[in-house]
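A short worksheet on the structure shown next.
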Amino acid sequence: MNPTKLTVKGILFDLDGTILDTRPAYLYAAETALNILGQPIPEEERLLQIPKRLELKLPITDIIPVQTQQFLNLFLKTFYEAAAKKTVPAPYAAQTLLALSQRIKLAVITMRYMPNVKVAEELRRHGLDAYFAHIVTALDTPKPKPSPQALIKAVEAMDVEMCACVIVGDSVVDVEAGRAAGAKTVAVTSGLYTLGELEAAKPDFIIRAISELPSLLD
């Protein structure tokens, strides 16, 4: 990791696990799907592996060994329906985003397969929507993260150069996408990934939450 500070004109934020704590929504969706299917409910730590595995395109059959596809269909449907009410902002999110938005352009890039207006509504419920000029979801590009396409789309809309941007996210996928695009990368340990997993991805910086981001910037 580079010990120097960052000089950037644009910040590309991941949504789940970065700006918003999505764990309550993930747990609710998993438990609801399992109850519908009449299956036992594993411990929370195991359930939180499910969205992480889906993001990494890894199997979940060791967690949900039967009716796996039915579970996934119900899980995703319930998550998208419940996310707006079950997510909560990261600590000091509003204060942090206000301070950053006064001098840097901000955008959201999410792997959620939902219209960006729905993401904007969810951010509005938390009083966070005004800080972002652009929202790019998995519906807006042919290939979501770790492809750099979403980052390129956001940077073009922000009218800044990629080399002057940083992507901030809780996932190794965010780091991979940032590296592929040519942006700087900041990983946060506030989501589903461990410190060791994030360190292995070799971002430029690792912080505990977005509230620490202003201290990294010149």
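The values are calculated or read from the model by the stated rules, or taken from the named source; none is laboratory data. Note that the structure is predicted; figures quoted are calculated from it, not measured. Positions of Cβ are generated from backbone atoms using ideal geometry, with glycine treated the same way; all protein chains shown enter the neighbour counts.
Could you grab me the full set of residues in the stretch 79-110 that are assigned to a loop (DSSP other than H, G, I, E, B) and over 18 Å from Glu122 (Cα atoms)?
Restricting attention to the stretch 79-110, the residues satisfying the condition of being assigned to a loop (DSSP other than H, G, I, E, B) are 87, 90-92, 102-104, 110.
Gln102, Arg103, Ile104 - these are the residues of the stretch 79-110 that are assigned to a loop (DSSP other than H, G, I, E, B) and over 18 Å from Glu122 (Cα atoms).
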message = Could you go through the stretch 126-141 and let me know if any residue there is buried (at least 24 other Cβ atoms within 10 Å of the Cβ), of a type in the set (Ser, Thr, Tyr) and touching a Leu at 6+ places or on another chain (Cβ under 8 Å).
response = no
- Could you say whether any residue in the stretch 163-176 is under 27 Å from Ala201 (Cα atoms), surrounded by fewer than 21 Cβ atoms within 10 Å (Cβ to Cβ) and in contact with a Lys or Arg (Cβ under 7 Å, 6 or more places away or on another chain)? yes
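Confirm whether Leu98 is within 21 Å of Ile19 (Cβ to Cβ) and either of a type in the set (Asp, Glu) or in contact (Cβ under 8 Å) with a residue 40 or more places away in the chain (or both). Before you say what the answer is, go through the steps one by one.
Values: within 21 Å of Ile19 (Cβ to Cβ): yes; either of a type in the set (Asp, Glu) or in contact (Cβ under 8 Å) with a residue 40 or more places away in the chain (or both): no.
No; evaluated as a whole, the condition is false for this residue.
State yes or no: is Arg112 free of Cβ contacts under 8 Å to residues at least 60 places away in the same chain and either touching a Phe, Trp or Tyr at 6+ places or on another chain (Cβ under 8 Å) or outside the structural domain of Gly178 (by TED's automatic domain parsing) (or both)? Explain how you work it out, then say what you get.
Values: free of Cβ contacts under 8 Å to residues at least 60 places away in the same chain: no; either touching a Phe, Trp or Tyr at 6+ places or on another chain (Cβ under 8 Å) or outside the structural domain of Gly178 (by TED's automatic domain parsing) (or both): yes.
Here the answer is no, as Arg112 does not meet what is asked.
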Residue set Ala107, Ala157; condition outside the structural domain of Thr78 (by TED's automatic domain parsing) and in contact (Cβ under 8 Å) with a residue 60 or more places away in the chain; output residue Ala107
Thr185 passes all but one of the listed conditions (1) of a type outside the set (A, V, I, L, M); (2) without any contact (Cβ under 8 Å) to a residue 24 or more places away in the chain; (3) farther than 26 Å from Leu47 by Cα; (4) surrounded by fewer than 17 Cβ atoms within 10 Å (Cβ to Cβ); the exception is number (4)
Inside the stretch 136-154, the number of residues satisfying the requirement of being part of a loop (DSSP other than H, G, I, E, B) and either in contact with a Ser or Thr (Cβ under 7 Å, 6 or more places away or on another chain) or not charged (D, E, K, R) (or both) is 9
Check your understanding: Out of curiosity, is Tyr113 of a type in the set (Phe, Trp, Tyr) and at pLDDT below 95?
Key -> yes
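Against the condition within 12 Å of the chain's Cα centre (by Cα) and in contact (Cβ under 8 Å) with a residue 24 or more places away in the chain, how does Gly178 come out, does it pass? Can you show your working first?
Details: within 12 Å of the chain's Cα centre (by Cα): no; in contact (Cβ under 8 Å) with a residue 24 or more places away in the chain: yes.
The answer is no for Gly178.
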